[in-house]
Amino acid sequence: MKIGRVAISKVFTFDSAHRLVGYNGKCKEIHGHTYKLEVTVKGKPGSDGLVMDFNELNDIVKNEVLKKIDHKYLNDIFDFNPTCEMIGLWIWEQVKNKIDNTSCTLEKLVLWETPTSFITIDRKDME
Ligand SMILES: [Zn+2]
């Protein structure tokens, strides 16, 4: 059997408040979202048959991302306008720093601000 690279993903949710600075619309007022985050890493399964233990990916995202921004006011944490795009890029950096210590690559991140509005970041756009 050919052992190719396999993508594995986990989905998380977190609740955060923000307001958008310099934005002319409803999001200029302080409000909250239940964000949904999907993180995908890719690698070849090792001799144990695993690309990465789902629990390891879970721990990385919980420690590097959720502990810092879940139930927080994002404008107090970030020195950038906390749009979905910018939060996604920040999450990418937090997670990538840890994934780079493994044999896997961070492939894709999807961040939903609402059930119908989301951003996507792909590895090829971050190189
Ligand atoms: Zn908003």
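All of the numbers you see were taken from the coordinates with simple rules; none came from a lab. Note that the structure is a prediction, hence the values are computed from the model and not measured. So basically every Cβ, Gly included, is an ideal-geometry build from the backbone, and we count neighbours across all protein chains shown.
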Inset, instruction - Excluding residues on the same chain fewer than 8 positions from Lys42, give the aspartates and glutamates whose Cα lies under 15 Å from its Cα. - result: Asp53, Glu56, Asp100, Glu107, Asp122
Inset, instruction - Summarise the long-distance tail of P(r) for the chain by giving the % of C-alpha pairs beyond 25 Å. - result: 28 percent
Legend entry - Estimated 222 nm signal from helices in the chain, with DSSP H stretches of n ≥ 4 weighted -39500 (n - 2.57), rounded to 500: -6500 deg cm²/dmol
Legend entry - Efficiency of FRET between Met1 and Phe54 - r from beta-carbon atoms, R0 22 angstrom, step 0.05: 0.50
Inset, instruction - Would you kindly state how much longer the chain becomes between Thr105 and His31 on full extension, computed as 0.36 nm times their sequence separation minus their alpha carbon distance, in nm to one decimal? - result: 23.2 nm
Inset, instruction - Provide the FRET efficiency to the nearest 0.05 for the Asp76-Ser47 pair, computing r from the beta carbons and using R0 = 41 Å. - result: 0.35
Legend entry - Separation between Cα centres of region 1-49 and region 64-127, rounded to whole Å: 6 Å
Legend entry - Dipole in debye (nearest 20) - region 1-93, about Cα centre, beta carbon charges: Lys, Arg +1; Asp, Glu -1: 300 debye
Inset, instruction - Go through Met52, Leu66, Thr83 and say which Cα lies farthest out towards the positive end of the charge dipole of the chain; charges sit on Cβ, +1 for Lys and Arg, -1 for Asp and Glu. - result: Met52
